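The values are calculated or read from the model by the stated rules, or taken from the named source; none is laboratory data. A quick note: this is a predicted structure, and the numbers were derived from the prediction, not measured. Glycine also receives a Cβ, built like all others from the backbone with ideal geometry; neighbour counts cover every protein chain displayed.
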């Protein structure tokens, strides 16, 4: 269990750096900071066998599984390449995330 703050947030565009989905890109759907993992749309797909219930018909579903945060990198908004994330403080005192590759602000 890590208390480290993740630099990746829900809605970020990321690229996978290692594993079977290497070089694939997707949007972060959910972040699990306690496990240091992220859920990325269309990445790390697994087949799940589900029983029929009142809400679903059951069968074999394909769903995304969490991937370790160190195996993904944010995509730089300017160059569309992987970038590391830093922080800077704006003139109004607000702390924002910054792409190290281009210096572009990542937070709106």
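Would you mention how many residues in segment 34-80 are out of contact with any helix residue (DSSP H, G or I) (no Cβ under 8 Å at 6 or more places or on another chain) and either more than 23 Å from residue 8 (Cβ to Cβ) or part of a loop (DSSP other than H, G, I, E, B) (or both)?
Result for segment 34-80: 29.
Within segment 81-94, which residues are surrounded by 12 or more Cβ atoms within 10 Å (Cβ to Cβ) and in a loop (DSSP other than H, G, I, E, B)?
Result: 81, 84.
Quick check on this structure: which one of 107, 76 is surrounded by 12 or more Cβ atoms within 10 Å (Cβ to Cβ) and more than 13 Å from the chain's Cα centre (by Cα)?
76
Among the listed residues 97, 101, identify the single one that is assigned to a strand (DSSP E or B), within 25 Å of residue 33 (Cβ to Cβ) and at pLDDT below 95.
None of the others qualify; the one that does is 97.
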